[in-house]
Amino acid sequence: MTTIKASCPTCGDVELTPPQVRLVVCTVSAWSFYAFDCPDCADEVRKHASDDVVRLLTTGGVSSEHWSVPAEALEEHTGSTISWDDVLDFTLSLETVDLVAAAASAVLRPRHVG
């Protein structure tokens with residue numbers, strides 16, 4: 001079986017097998033990473049996976065997970081960010097939506113002539 005050498009910030013160099021390594025390949029290559037639980041200290045170690053590292057790990061038998069970033073996450077956003085007060089105001093306004101919907105449905109409901 002293939003042995004993968006990696007580095008734990010606490011323990012130094014460690015040897016892993018392909019099933020011990022998690023490889024996540026993202027549509028935004030800067031967000032791709034590999035992770036493993038250090039066999040010595042049991043800490044999770046996560047590091048950036050460049051295209052070369054992805055090729056090396058997959059060639060070594062590590063299966064990869066693919067992660068597609070939604071386009072909305074990559075859009076440029078302008079304007080001020082929402083605050084906790086904005087969230088609270090929105091939540092409070094949701095309480096009145098039912099009242100408005102009930103009033104609108106009463107107006108739109110046909111009357112039976114009898």
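The values are calculated or read from the model by the stated rules, or taken from the named source; none is laboratory data. Keep in mind that this is a model prediction, so the values were computed, not measured. Cβ atoms come from the backbone with ideal geometry, glycine included; neighbour counts cover every protein chain shown. Accessible surface is based on the protein model in full, side chains and every heavy atom, while ligands, DNA and RNA are left aside. Shrake-Rupley method; radii C 1.70, N 1.55, O 1.52, S 1.80 Å.
Can you tell me, using C-alpha contacts under 8 Å and at least 6 residues apart, the relative contact order of the chain as a whole percent?
It rounds to 20 percent for the chain.
What figure, in Å² to the nearest 10, do you get for the accessible area of L57 with a 1.4 Å probe and non-protein molecules left out?
Taking all protein chains as shown, L57 has close to 20 Å².
Can you tell me the accessible area per residue over region 41-85, all protein chains present, probe 1.4 angstrom, in square angstrom?
Working: 3780 Å² over 45 residues.
Accessible area per residue: 84 Å².
Need one value: the accessible area of W67 in square angstrom, 1.4 angstrom probe, rounded to the nearest 10.
Near enough 110 Å² of accessible area.
Tally Lys/Arg at +1 and Asp/Glu at -1 over every other residue whose Cβ is under 14 Å from the Cβ of D40; what's the total?
Around D40, the charge tally is -4.
In what sequence, largest accessible area first, do F36, F90 appear using a 1.4 Å probe?
F90, F36
Enter the angle in degrees (range 0 to 90, nearest 10) between the Cα long axis of helix 84-108 and the first principal axis of the Cα atoms of the chain, meaning the one along which they spread out most.
Rounded to the nearest ten degrees, it is 40.
Can you compute log10 of I(q)/I(0) for the chain with the Debye formula, treating each Cα as one identical point scatterer, at q = 0.12, 0.15, 0.19, 0.21 Å⁻¹?
Computed log10 I(q)/I(0) values: -0.66, -0.79, -0.99, -1.10.
Apply 1/(1 + (r/R0)^6) to the Cβ-Cβ distance of H48 and E95, taking R0 = 41 Å, and write down the FRET efficiency to the nearest 0.05.
That gives a FRET efficiency of 0.35.
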